[in-house]
Amino acid sequence: MTKYVITGGRPLYGSIDISGAKNAAVAIIPAALLVDGVCRIENVPQISDVTLILTILQDLGAEVRTVNRTTVDIDCSHVRNQVVPYHLARKIRASYYLIGALLSRFGSAQVPPPGGCDLGGRPIDQHIKGFSAMGAEVDVRGGYIHAVASGGRLKGGQVYLDIVSVGATMNIMIAATLADGMTVIENAAREPHIVDLANFLNSMGADIRGAGTDVIKIRGVDRLGGGTYSIIPDQIEAGTYMAAVAAAGGEVHIRNVIPKHLECITAKLQEMGVTILEEDESLLVRRDGPLLRTNVKTMPYPGFPTDMQPQIAACLCLAQGTSVLTEGIWDNRYRYVDEFRRLGAQIQVDGKVAVIEGVGQLTGAPVRACDLRAGAAMVIAGLAAHGVTEIDSVYHIERGYEDIVRKLTGVGADIKVVVTPDEEEEGQSNVG
Ligand code: EPU
């Protein structure tokens with residue numbers, strides 16, 4: 001069992017470099033299956049979700065070579081296997097991208113239903129709607145999703161998404177890349193990682209237009225060749241450290257970011273009394289006065305991201321006054337609230353709405369990282385709390401945050417990693 005032990009109450013000063021975006025990496029790496037040749041991918045975050053998705057590709061027969069800490073070469077030219085093993089796929093939500101990638105490349109795929117963090121129901125009906133519109137037969141039997149393109153190759157199709165889904169938009173884009181003809185995705189999601197995936201595929205020879213708008217057109221091509229691509233900085237990792245400075249106080253340069261991607265987070269923190277100054281590819285974040293209350297509703301990009309909801313909740317717990325937080329994406333993303341209450345927070349949840357009574361000061365206590373972002377929120381609360389906060393189940397945090405302990409100690413936080421070898425890590429269900 002690995003724990004983080006945080007002694008809170010120390011403001012943060014210095015700079016933090018942001019890593020490559022997790023939710024771009026976990027789509028771009030499976031999309032390398034489409035490429036006939038070597039794909040060099042740079043700015044790859046060193047997180048356990050990436051390790052897992054690379055392991056799945058290797059299991060399928062890909063050659064993966066580490067060039068340096070953040071660069072990998074992936075060669076899927078000799079992959080023939082279209083069956084993804086259950087024991088690997090169930091650990092990661094993003095394994096659903098393997099359906100689109102294998103279908104696109106081989107016209108068939110067998111992938112177990114993806115694992116899932118407990119955020120409420122996590123269906124993939126919109127992904128399947130897209131594959132069906134491209135002529136695939138999709139059914140579930142023997143614990144696997146079986147997808148087969150009629151005639152052995154997907155055909156371009158028209159897909160209207162009933163829900164703005166990041167995963168479905170990206171998966172359909174991947175599947176359509178090697179399809180025969182033009183695919184149009186309407187009501188597409190617009191997150192920065194969707195644009196990043198399109199840029200990656202285009203740099204390898206795909207023909208994708210409109211990514212970043214709600215209509216994406218993909219003209220299928222016969223082949224993608226190799227190339228080099230660098231993943232964008234992680235919007236949510238950056239937002240998490242911005243929230244950490246807001247909660248703990250101090251002044252930190254958040255470096256290697258795309259400020260435009262952070263506007264939704266910047267605007268809310270400014271409303272709360274945090275000073276944020278844009279400096280080229282970095283943001284200066286300063287909080288020296290009190291935190292003010294505000295209301296937040298999570299929405300698809302460019303709205304406030306659901307993956308920042310627990311972290312902003314940590315800040316609202318410390319603010320003056322009552323704030324209303326509304327979750328607009330997931331059915332249940334408030335499982336962490338009991339953990340916050342252990343630290344002295346006052347939160348009432350009714351369905352998708354949380355009413356947070358700011359208490360000004362939290363007090364350290366033992367808490368659990370219920371999932372990736374809830375875990376990051378516990379770290380933020382621990383940094384601000386008076387006394388010692390012990391966080392367990394931190395493997396959730398390490399799925400999505402590269403070197404979080406090193407990055408935070410580098411700006412003055414007091415965090416120790418404590419490993420107790422005699423206890424087994426509990427069932428590592430992953431999401432993301
Ligand atoms: N939905 C459906 N049917 C579908 C797909 C989605 O009903 O076929 C619903 C979902 O249940 C949800 C909403 O649509 O209510 C949005 O889901 P979306 O498909 O956008 O989410 P996702 O692709 O499963 C990705 C991220 C999540 C992030 C969401 C929303 C990855 C691997 N995961 O999930 O990231 O919360 O988009 O932005 O990219 C995280 O990083 O902590 C994380 C949970």
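May I ask you to say which residue of V26, V64, V50 is outside any helix (DSSP H, G or I), within 28 Å of E191 (Cβ to Cβ) and assigned by TED's automatic domain parsing to the domain that holds A136?
V64
For G14, which of the numbered conditions (1) open to solvent by 10 Å² or more (accessible area, probe 1.4 Å); (2) on the phi < 0 side of the Ramachandran plot; (3) in contact with a strand residue (DSSP E or B) (Cβ under 8 Å, 6 or more places away or on another chain) fails to hold?
(2) is the only condition that G14 fails.
For the range 343-358, name all the residues that are open to solvent by 50 Å² or more (accessible area, probe 1.4 Å) and either of a type in the set (G, A, S) or outside any strand (DSSP E or B) (or both).
Selection gives G351, K352.
Between a residue in the range 371-384 that is free of Cβ contacts under 8 Å to residues at least 60 places away in the same chain and any residue that is in a loop (DSSP other than H, G, I, E, B) and within 11 Å of the ligand (Cβ to nearest atom), which pairs come within a Cβ distance under 9 Å, given they are 6 or more apart or on different chains?
Filtered contacts from the range 371-384: G375/R399; G375/G400; G375/Y401.
Can you find a residue in the range 137-157 that is more than 25 Å from A25 (Cβ to Cβ), part of a loop (DSSP other than H, G, I, E, B), open to solvent by 40 Å² or more (accessible area, probe 1.4 Å) and within 12 Å of the ligand (Cβ to nearest atom)?
no
Looking only at the range 158-188, how many residues end up being in contact with a Leu (Cβ under 8 Å, 6 or more places away or on another chain) and either part of a loop (DSSP other than H, G, I, E, B) or of a type in the set (K, R) (or both)?
Going through the range 158-188 one residue at a time, the tally reaches 4.
How about the range 355-387: which of its residues are within 23 Å of E237 (Cα to Cα), of a type in the set (G, A, S) and out of contact with any His (no Cβ under 7 Å at 6 or more places or on another chain)?
Hits for the range 355-387 are A374, A376, A377, A381, G382, A384, A385.
Which condition from (1) part of a strand (DSSP E or B); (2) within 8 Å of the ligand (Cβ to nearest atom) is the one that Q126 breaks?
Result: Q126 fails condition (1) only.
Just name the residue that is modelled with the highest pLDDT out of those in the range 73-87 that are surrounded by fewer than 19 Cβ atoms within 10 Å (Cβ to Cβ) and within 23 Å of the chain's Cα centre (by Cα).
D73
So which residues in the range 264-321 are in a strand (DSSP E or B) and charged (D, E, K, R), if there are any at all?
E278, E279, R286, R287, K297 - these are the residues of the range 264-321 that are in a strand (DSSP E or B) and charged (D, E, K, R).
Is it true that V44 is open to solvent by less than 20 Å² (accessible area, probe 1.4 Å) and either part of a helix (DSSP H, G or I) or touching an Asp or Glu at 6+ places or on another chain (Cβ under 6 Å) (or both)?
Criteria not met by V44.
The values are calculated or read from the model by the stated rules, or taken from the named source; none is laboratory data. Quick caveat: nothing in here was measured; it's all calculated off a predicted structure. Every residue, glycine as well, gets a Cβ built from its backbone with ideal geometry; the counts of neighbours run over all protein chains shown. To get the accessible areas, we keep the full protein, side chains included, count just its heavy atoms, and leave off ligands, DNA and RNA. Shrake-Rupley method; radii C 1.70, N 1.55, O 1.52, S 1.80 Å.
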